[in-house]
Each structure stands twice: as structure tokens, then as C-alpha cells.
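Comments concern the structure below.
The values are calculated or read from the model by the stated rules, or taken from the named source; none is laboratory data. If you're wondering where the values come from, they're calculated on a predicted model, not measured in any experiment. We place every Cβ from the backbone using ideal geometry, glycine too, and count neighbours over all the protein chains shown. Surface areas here come from the heavy atoms of the whole protein model, side chains and all, with no ligands, DNA or RNA. Shrake-Rupley method; radii C 1.70, N 1.55, O 1.52, S 1.80 Å.
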Amino acid sequence: MAKNFDVVVIGAGPGGYVAAIRSAQLGLKTAVIEREFWGGVCLNVGCIPSKALIKASSYFKKAQDFFPEMGIEVKDPKINHKKLQDYKQGVCDRMSGGVAQLLKGNKVEQIMGEANFVSKNEIEVSSKSGKEKITAKNFIIATGSRPIEIPGFSFDEKGIMSSTGALAIDKAVKSVAVIGGGYIGLEIGTYLAKIGTEVTVIEAADGLLKGVVDKDCVQVVSRKLKKLGVKVITKAFAKSQKKTSKGYELTYEVDGKASTIEVEKILVTVGRKPNSDQLNLKGIGIELDKQGCIKVNPQMKTNIEGIYAIGDIAGQPMLAHKASHEGVLAAEVIAGQNRVYDAKTVPAVIFVDPEVASVGLTEEECKAQGIEVKVGKFPFGANGKAVSIGETDGFVKIIADKKDHIVKGVHICGPEASNLISEAALAIEMGARLEDIALTIHPHPTLGETMMEAAEATLGHAIHIIQK
Ligand code: FAD
Ligand code: NAI
């Protein structure tokens with residue numbers, strides 16, 4: 001007889017494992033099915049390994065460029081690529097193992113195998129030990145996304161890589177062409193440049209991170225990329241590649257004019273697509289949008305009663321924290337709670353150098369919505385903590401409604417932007433005004449003071465910069 005549950009979650013990424021834990025906390029008999037790794041893309045081949053490597057490369061670069069300035073003499077620092085990979089893998093294993101423990105501790109049944117829908121209320125799970133049928137009152141689909149391939153650049157994860165191959169590089173690489181200057185291309189490109197690889201970014205748009213982040217932040221990041229020796233070619237489309245004795249000859253076109261570069265490896269990061277062509281979703285009639293993501297309502301319900309979808313497969317933004325938020329929401333809706341997706345903003349961080357983080361609207365978006373704004377900026381160069389750690393590039397920018405001073409957007413480019421942005425997210429969720437941030441006492445000396453001073457700057461009276 002088929003096993004039966006109140007909730008079966010398919011996929012154990014940051015969407016799925018969180019949904020499963022919350023379902024179990026709410027007293028629902030829950031199982032989670034995972035075909036590859038506990039923690040999904042994020043913990044195994046995404047957020048976590050990339051951040052471990054990015055941090056390591058920043059320390060390495062600092063040891064070369066900044067330690068001497070601080071009086072720390074380190075002789076000829078080197079990267080041991082094998083050890084770096086071991087370190088990264090250790091971090092991933094620890095995090096993935098932690099997820100398995102949390103699931104167990106919450107009495108979620110963990111089933112390793114690949115799920116496919118047989119009908120609207122039954123799945124078949126295939127694993128090494130055979131096939132089993134499972135039924136449930138509710139299914140939460142959390143099967144995530146995968147990298148997009150472009151014609152002529154099939155991934156072998158050795159010479160032509162997706163992010164997964166690039167995060168597994170275990171020896172020095174002389175040169176890499178990165179196709180796509182978005183989140184992954186710039187994060188991994190920066191990491192590789194810092195450990196000594198010559199990086200060329202081939203970006204189709206006429207600028208980096210176009211429409212993704214505040215334009216002033218892009219300027220700071222672009223300057224730093226240049227300093228790191230990263231070559232950026234915009235309005236460029238990768239057309240073809242030819243294997244050579246040393247790597248690849250890559251042909252790209254700018255305004256219809258073809259050029260070539262010789263590189264050892266190619267990294268393709270032109271976006272990710274939902275895994276919605278799998279799981280027999282078509283067979284059971286799940287509705288998809290134009291991008292191939294599962295259509296959901298604000299309670300994460302699909303068009304089929306009792307089937308929910310969350311995370312990357314349920315659409316943009318494809319970010320881990322958005323997946324987790326939706327996971328909790330879906331579980332609470334199933335448990336009968338009166339919940340809808342009503343978050344005002346999803347923070348986004350790009351872990352480049354310096355980090356870029358944003359919440360809410362940009363100036364352009366405010367203009368398009370007819371909102372008259374006040375904008376103020378406070379530079380990290382005027383913050384004592386930033387100066388003391390030698391990280392003075394960038395700023396905090398606050399955009400507020402001119403009329404009532406309610407914060408509409410915050411864009412940070414600078415040290416620990418990833419950590420600083422949470423205060424801004426809270427401000428937007430609570431409908432805070434500039435005065436709320438400016439009058440909150442921030443401890444000294446901290447990077448957090450830049451948020452308070454940016455609010456003061458927007459009001460026209462920051463203390464540590466001269467405002468006319
Ligand atoms: P996933 O994490 O993709 O998990 C889906 C799971 O479902 C997988 O484990 C898969 O094996 C399993 N699965 C799929 N089909 C089946 C099936 N039929 N049966 C059983 N199991 C199945 N986001 C951030 O917010 N911050 C970052 O810093 C960040 N860095 C990233 C870096 C890289 C290199 C990449 C690639 C992504 C990064 N992301 C980051 C994005 C983030 O990883 C995703 O948004 C997040 O993992 C989505 O979570 P999810 O639960 O929807 O899906
Ligand atoms: P992306 O959408 O961020 O960037 C893709 C870039 O490739 C764009 O700039 C686009 O103009 C360019 N492009 C598209 N086709 C091209 C072509 N043929 N030739 C040259 N350039 C081309 O996609 P990416 O970097 O693959 O990341 C996928 C997603 O993963 C992100 O959108 C994000 O949701 C998630 N992610 C989040 C991270 C974070 O939160 N820090 C880190 C890494 C990934």
C-alpha cells in the first residue's frame with residue numbers, strides 16, 4: 001500500500017526543507033523527497049559554496065594588498081587549490097548535514113529519490129532501492145531551477161562550465177571567459193580574478209547588472225572590477241567556440257562585428273530556468289507562465305487543488321530567502337492559517353567587491369510610479385569603522401517619499417552591505433520614515449552608523465559629511 005502523508009514536499013532546497021520543517025512544526029504528517037542533496041542548490045552548489053570561496057579569495061587579496069599597509073608581513077601568500085576545495089566542501093557538508101538533522105529532529109520523513117507525479121494526489125519515487133508510490137493530501141513543489149545553456153556551449157563542467165563546474169575548480173586556471181555579467185558571472189568572476197585568473201566578461205546588455213541594481217552601485221563595482229584586472233565587454237554576444245591545445249577560441253559579436261579571444265575555460269552564466277519540464281507536471285495539467293515557472297496565487301496555490309509551488313520554480317526573484325519565506329507561507333496555509341504573500345520587498349545582495357545590496361524601489365522606479373522623492377547618500381569613506389578596516393569604497397543611498405519621508409528604497413554598495421541591508425528591509429516592511437532611522441541610536445564605531453547618517457543626509461543634516 002502507498003505511504004500516505006498530510007504534506008509531501010518535493011525538493012529539499014531552502015524552499016522545500018523549510019516548508020517541510022514548518023509543516024511538521026504545525027503538527028502535519030510530513031515527508032520530503034530529494035533526489036540529490038539535502039539543502040538543494042543553495043547549500044551544495046550555490047549560495048554557500050560560492051560565499052566560502054568568495055571570502056577565501058578576499059582574504060587572499062587582502063593578504064597581498066592590504067596586510068602590508070597594516071604592518072602585517074605575510075611572505076608570498078599562495079592558494080592551495082585542493083585545500084581550498086576541501087574547505088568549501090567541508091562548509092557545504094556541514095550545512096547539508098545540518099538540514100538532514102533538522103528534518104529528523106522535527107520528525108519529517110526523509111526520502112531520497114526522484115519524484116514524478118502519477119496523478120494529482122499520487123507520486124512515484126524512484127531510487128536505487130526501487131520505486132515506491134506515495135499519496136498525500138497536499139504536495140508542495142520546490143524542485144528549483146538549473147543553469148541555462150546557450151547553443152554551441154554545452155556544459156561539460158571541465159572546459160565549458162556552469163556555476164557548478166566553476167565552484168569545483170581545483171587547480172590554477174590561467175584565463176576564463178565569463179558569458180553573462182549578472183549575479184553569478186560577477187560573483188564567480190570576481191572570485192577567480194582575486195585568485196589570479198585573467199577574467200573577461202562578455203555581457204549582452206550595454207552595461208553590467210542592467211536594471212538589477214542601482215546605477216551608482218554599478219559604477220563602484222565596475223571601477224573595482226577594472227582594478228582587479230577584469231575585462232568587461234558589453235553589447236557582446238558569444239557566438240561559438242573552438243577547442244584549441246590550450247583551451248578555447250571563443251568568438252563573440254559586438255554590433256554584428258565578430259572578434260575572438262583565447263581562454264583556458266569558459267563559464268556560462270546567462271540565467272537559470274525552472275525545472276518545470278520534469279516531474280510530469282504537464283501530465284497532471286499544472287499551469288506555467290511564459291518563463292516556464294509554475295503559476296501560483298498569493299497563497300502559493302497552483303491551479304490544482306492541494307498542490308502548492310514555492311521557490312525558484314514559482315518564479316522570480318530566484319533567491320534562497322524568497323524560497324524559504326514562501327515555504328513557511330505554504331505550510332501555514334495548508335495548516336489552515338490565514339496567510340497570504342504580502343511582503344513589501346525582497347532584499348537582494350550581490351556578493352561582489354564591494355558587496356551590493358538593495359531593497360525597495362530605485363529612483364527610476366519611483367519616477368515611473370509618479371512618486372516624488374528625496375535622495376541622500378552617505379559614503380563609507382566618512383565612517384570610522386570602514387576606514388579602520390580599510391574598506392572605504394561605496395555608500396548607503398536612501399530614497400524616501402518627499403511628502404511624508406517614508407522610506408521607498410535603500411541601495412548599499414560597500415563593506416558588509418549584505419548584513420546592513422536587513423535594517424533597511426525592516427524599515428520598508430514597517431513603513432518607517434527617515435526620522436525613524438535617523439533618531440535610532442546606532443552603536444559606534446560600526447558600519448551600521450552609515451544607515452543612520454544616510455537617513456540624516458537625506459534629511460539634509462548628516463554630521464560627518466559637509467552638506468550644502
Ligand atoms: P533548489 O535549491 O534548486 O532546490 C531544489 C531541490 O529539488 C534540489 O535539491 C533538487 O535536487 C531537488 N529536486 C528537483 N527535482 C526533483 C525531483 N523530481 N524529485 C526529488 N527532488 C528533486 N540565492 C541567494 O539568495 N543568495 C545567494 O548568495 C545565492 N547564491 C547563488 C550562487 C549560485 C552559484 C547559484 C547557482 C545560485 C545562488 N542563489 C543564491 C540562488 C539560490 O540558490 C536559489 O534561489 C535557491 O536555491 C532556490 O531554492 P529552491 O528551494 O527553490 O530550489
Ligand atoms: P542573471 O540573470 O543574474 O544574469 C545573466 C546575465 O547574462 C544578464 O546580465 C544578461 O544580460 C546576460 N546574458 C544573457 N544572455 C546572454 C548571452 N547570450 N551572451 C552574453 N550575455 C548574456 O543570471 P545568473 O548570473 O546566471 O544568475 C541566475 C540567478 O541566480 C540570478 O538571477 C539570481 O536569482 C540567482 N543568484 C543569486 C545570487 C545572490 O543572491 N547573491 C548569486 C548567484 C545567483
For Leu420, the lone unmet condition from (1) outside the structural domain of Gly370 (by TED's automatic domain parsing); (2) under 26 Å from the mean Cα position of the chain (by Cα) is (1)
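Please find, within the range 373-388, the residue that is nearest to His464 (Cα to Cα) out of those that are touching a residue at least 60 places away in the same chain (Cβ under 8 Å) and not in a strand (DSSP E or B). First the steps, then the outcome.
At the first step, the residues of the range 373-388 found to be touching a residue at least 60 places away in the same chain (Cβ under 8 Å) are 374-380, 382-386.
In the following step, the residues that additionally are not in a strand (DSSP E or B) were identified as 380, 382-386.
Numbers: Phe380: 11, Ala382: 6, Asn383: 8, Gly384: 10, Lys385: 13, Ala386: 13 Å.
Across the range 373-388, the extreme among qualifying residues is Ala382.
Evaluate the following for Ile334: is it within 16 Å of ligand 2 (Cβ to nearest atom), touching a strand residue (DSSP E or B) at 6+ places or on another chain (Cβ under 9 Å) and open to solvent by less than 60 Å² (accessible area, probe 1.4 Å)? First the steps, then the outcome.
On the way: within 16 Å of ligand 2 (Cβ to nearest atom): no; touching a strand residue (DSSP E or B) at 6+ places or on another chain (Cβ under 9 Å): yes; open to solvent by less than 60 Å² (accessible area, probe 1.4 Å): yes.
In short, no.
Tell me, which residue of the range 300-316 that is of a type outside the set (Val, Ile, Thr) and near ligand 1 (Cβ under 8 Å from one of its atoms) is farthest from Cys47 (Cα to Cα)? Can you show your working first?
The initial filter retains those residues of the range 300-316 that are of a type outside the set (Val, Ile, Thr), namely 300-301, 303, 305-306, 308-309, 311-312, 314-316.
Next, only the ones that are near ligand 1 (Cβ under 8 Å from one of its atoms) stay: 311-312, 314.
Details: Gly311: 14, Asp312: 14, Ala314: 19 Å.
Within the range 300-316, the match that is farthest from Cys47 (Cα to Cα) is Ala314.
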Do we find a residue being within 16 Å of ligand 1 (Cβ to nearest atom) and either over 28 Å from Thr197 (Cα atoms) or not basic (Lys, Arg) (or both) anywhere in the range 57-65? yes
Within the range 125-138, residues being surrounded by fewer than 17 Cβ atoms within 10 Å (Cβ to Cβ) and not basic (Lys, Arg) number 6
### Message
Can you confirm whether Asp255 is assigned by TED's automatic domain parsing to the domain that holds Leu288 and open to solvent by 60 Å² or more (accessible area, probe 1.4 Å)?
### Response
no
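Kindly indicate whether Val328 is within 15 Å of ligand 1 (Cβ to nearest atom) and in a strand (DSSP E or B). Working first, answer last.
Working: within 15 Å of ligand 1 (Cβ to nearest atom): yes; in a strand (DSSP E or B): no.
No, not satisfied.
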The condition of being more than 10 Å from ligand 1 (Cβ to nearest atom), free of Cβ contacts under 8 Å to residues at least 24 places away in the same chain and touching an Asp or Glu at 6+ places or on another chain (Cβ under 8 Å) holds, among Lys174, Lys137, Lys131, Lys104, only for Lys131
Q: Would you check if there is a residue in the range 139-150 being more than 18 Å from Ile10 (Cβ to Cβ), open to solvent by 60 Å² or more (accessible area, probe 1.4 Å) and within 16 Å of ligand 2 (Cβ to nearest atom)?
A: yes
In the range 300-331, anything open to solvent by 30 Å² or more (accessible area, probe 1.4 Å), of a type in the set (A, V, I, L, M, F, W, C) and more than 16 Å from ligand 2 (Cβ to nearest atom) is listed as Val328
Subset of the range 220-260, residues in a loop (DSSP other than H, G, I, E, B), within 16 Å of ligand 2 (Cβ to nearest atom) and of a type in the set (Lys, Arg), comes to Lys235
Condition set open to solvent by less than 40 Å² (accessible area, probe 1.4 Å) and part of a helix (DSSP H, G or I), scope the range 267-299, selection farthest from ligand 1 (Cβ to nearest atom): answer is Ile284
Just one listed residue, out of Ala204, Ala193, is open to solvent by 10 Å² or more (accessible area, probe 1.4 Å) and within 12 Å of ligand 2 (Cβ to nearest atom), and it is Ala204
Considering the range 1-45, residues that are surrounded by fewer than 24 Cβ atoms within 10 Å (Cβ to Cβ) and within 16 Å of ligand 2 (Cβ to nearest atom), and then whichever is nearest to Lys128 (Cα to Cα), we arrive at Asn44
Please tell me if Leu250 is more than 16 Å from ligand 1 (Cβ to nearest atom), open to solvent by less than 10 Å² (accessible area, probe 1.4 Å) and not assigned by TED's automatic domain parsing to the domain that holds Phe380.
yes
Selection over the range 46-66 where residues are closer than 17 Å to Ser418 by Cβ, away from ligand 2 (no atom under 15 Å from the Cβ) and open to solvent by 60 Å² or more (accessible area, probe 1.4 Å) yields a count of 1
Residue hits (the range 387-417; open to solvent by less than 10 Å² (accessible area, probe 1.4 Å) and small (Gly, Ala, Ser)) are Ala400, Gly409, Gly414, Ala417
Pairs returned, first residue in the range 9-26 that is among the β-branched types (Val, Ile, Thr), second residue that is within 16 Å of ligand 2 (Cβ to nearest atom) and not in a loop (DSSP other than H, G, I, E, B), beta-carbon separation under 6 angstrom, 6 or more apart or interchain, are Val18/Ser324
